[in-house]
């Protein structure tokens with residue numbers, strides 16, 4: 001549960017693997033099982049970030065990925081004032097974990113509660 005609600009906020013990107021870690025916008029990650037990404041198994045996120053400008057290396061990204069994947073990467077914001085990589089909780093604006101937001105995430109994203117919803121009302125039976 002906690003893993004599903006957590007994602008990386010990139011500082012330098014040195015601690016974040018490019019594959020399998022939820023660092024993309026909205027906490028998404030690239031699959032480690034997709035053979036297209038196999039050559040990137042040891043690559044870190046920092047390899048795609050210009051550390052001096054705190055910007056994505058767009059030309060490198062477009063040279064390695066199709067347009068849709070490149071745009072997904074480039075749409076992930078880099079925070080100029082964040083220096084260290086940090087795991088954050090996406091369920092709260094404060095980025096801090098609260099049991100209440102974990103419960104909300106469970107109810108809205110994980111648990112199948114479709115059987116409780118009828119004509120715009122909750123069926124509590």
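Values computed for the structure shown
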| item | result |
| --- | --- |
| Residue 61 being modelled with pLDDT of 60 or more and farther than 13 Å from residue 10 by Cβ | yes |
| Extreme residue, surrounded by the fewest Cβ atoms within 10 Å (Cβ to Cβ), among residues of the stretch 39-57 that are over 23 Å from residue 88 (Cβ atoms) and in contact with a strand residue (DSSP E or B) (Cβ under 9 Å, 6 or more places away or on another chain) | 42 |
| Check on residue 26, at positive phi and either assigned to a helix (DSSP H, G or I) or surrounded by fewer than 17 Cβ atoms within 10 Å (Cβ to Cβ) (or both) | yes |
| Residues being part of a loop (DSSP other than H, G, I, E, B) and in contact (Cβ under 8 Å) with a residue 40 or more places away in the chain - total across the stretch 45-83 | 7 |
| Candidate set from the stretch 1-12 (those that are assigned to a loop (DSSP other than H, G, I, E, B) and more than 13 Å from residue 77 (Cβ to Cβ)); member that is modelled with the highest pLDDT | 12 |
| Conditions (1) over 19 Å from the mean Cα position of the chain (by Cα); (2) exposed (fewer than 13 other Cβ atoms within 10 Å of the Cβ): number failed by residue 60 | (2) |
| Among (1) assigned to a loop (DSSP other than H, G, I, E, B); (2) within 18 Å of the chain's Cα centre (by Cα); (3) farther than 26 Å from residue 89 by Cβ - the single one residue 32 does not satisfy | (3) |
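The values are calculated or read from the model by the stated rules, or taken from the named source; none is laboratory data. Not measured: the values here are computed from a predicted model. Cβ atoms come from the backbone with ideal geometry, glycine included; neighbour counts cover every protein chain shown.
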